[in-house]
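Below is one structure, written out as structure tokens; the observations come after it.
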Amino acid sequence: MYRNSDRFFTSFHRMEKKLSSLIKSNRNIAFSKMVHMLKHRHAVVGRYSDDLLEFAELRNAIVHNKIDVSYAIAEPHDATVKRIEMIEKELHQPRLVVPKFTKKVYTFQQQEPLNHLLSLIHEKKITKFPVYDRNEFKGLISQRAIALWLAGNVHNGKSTSDVTIAEVLEYETKDNYRFISKDTSILEAVEIFKKKIGRGNRLEALLITENGDSSEELIGIITNLDIIGIRHPR
């Protein structure tokens, strides 16, 4: 039966090798330095950088105080071993946006009446809608644009059946979406939302296609509300 120290070192060394492959350097770089080099470039390393640095300190403390190769001065706690093995798995096999966020995406043509979109909101309780001109992506309508249009036009008695979706799209923020590929990790998707917020921009949704190209068929969508509901492994 493996000791906790054996499991800890095995997992640590596998992560060390993985970080080195991500750095793509022939130099022998210390584990902690690799973490600092990657934490702003790699979503998993960034998410767990504090844990990784603590693992490096623990590893050094055990190694430097070893009496011989078969005896560890201390055995890591069960929770520590489970934590490092979980992070190692996330690093080597990150959870991807597909299949978790694979779903039917309801889209509209820009010349359709707003009434069609409002009916779908009532029926499906969804509020993010990609808009196309035939096969060309034109933008993403959210509840924000609909509310702004209603606020600006409710007083003139204009019927929503006489208004095109293209007219409402004019009220929408232009950079409120981003296309991502099906191979994007969930943590990377979370980081995309965080970076947008950090720059003072509001991202309504990530639109998933095979390769992240707007000309491809949509196979899923991640909204800002979906991101709030994401649970990190513990």
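One residue alone among Leu52, Leu22 is farther than 18 Å from Val81 by Cα and either not basic (Lys, Arg) or not in a helix (DSSP H, G or I) (or both), and that residue is Leu22.
Listed here are the residues, each with its yes/no results for (1) open to solvent by 30 Å² or more (accessible area, probe 1.4 Å); (2) free of Cβ contacts under 8 Å to residues at least 60 places away in the same chain.
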site: Glu90; (1), (2): no, no
site: Val98; (1), (2): yes, no
site: Leu120; (1), (2): no, yes
site: Pro130; (1), (2): no, no
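Of all the residues in the range 32-53, those that are open to solvent by less than 10 Å² (accessible area, probe 1.4 Å) and either within 18 Å of Pro76 (Cβ to Cβ) or aromatic (Phe, Trp, Tyr) (or both) number 2.
Of the residues making up the range 191-225, those that are touching a residue at least 60 places away in the same chain (Cβ under 8 Å) and open to solvent by less than 10 Å² (accessible area, probe 1.4 Å) are Glu204, Ala205, Leu206, Leu207, Ile208, Gly220, Ile222. Lys158 falls short on exactly one of the conditions (1) touching a residue at least 12 places away in the same chain (Cβ under 8 Å); (2) of a type in the set (D, E, K, R); (3) not in a helix (DSSP H, G or I), and that condition is (1).
Residues in the range 88-112 that are over 30 Å from Asp162 (Cα atoms) and in a strand (DSSP E or B): Leu96, Thr102.
Is the range 77-87 home to any residue that is assigned to a loop (DSSP other than H, G, I, E, B) and either on the phi < 0 side of the Ramachandran plot or under 25 Å from the mean Cα position of the chain (by Cα) (or both)? Working first, answer last.
Applying the first criterion (assigned to a loop (DSSP other than H, G, I, E, B)) to the range 77-87 yields 77.
Those left that are additionally either on the phi < 0 side of the Ramachandran plot or under 25 Å from the mean Cα position of the chain (by Cα) (or both): 77.
The answer is yes, given that some residue of the range 77-87 is assigned to a loop (DSSP other than H, G, I, E, B) and either on the phi < 0 side of the Ramachandran plot or under 25 Å from the mean Cα position of the chain (by Cα) (or both).
In summary, Glu172 fulfils each of the numbered conditions (1) over 30 Å from Pro99 (Cα atoms); (2) open to solvent by less than 20 Å² (accessible area, probe 1.4 Å); (3) among the charged types (D, E, K, R) with the single exception of condition (1).
Just one of the listed residues (Lys82, Lys138) is touching a helix residue (DSSP H, G or I) at 6+ places or on another chain (Cβ under 8 Å), open to solvent by 70 Å² or more (accessible area, probe 1.4 Å) and farther than 22 Å from Asp226 by Cα, and it is Lys138.
Total residues in the range 1-18 satisfying the condition of being farther than 12 Å from Glu85 by Cα, open to solvent by 70 Å² or more (accessible area, probe 1.4 Å) and of a type outside the set (Phe, Trp, Tyr): the figure is 3.
The values are calculated or read from the model by the stated rules, or taken from the named source; none is laboratory data. Fair warning: this is a prediction, and the values are worked out from it, not measured in the lab. Virtual Cβ from ideal backbone geometry, glycine too; neighbours counted across all protein chains shown. Quick note on the areas: whole protein, heavy atoms, side chains included, nothing else; ligands and nucleic acids left out. Shrake-Rupley method; radii C 1.70, N 1.55, O 1.52, S 1.80 Å.
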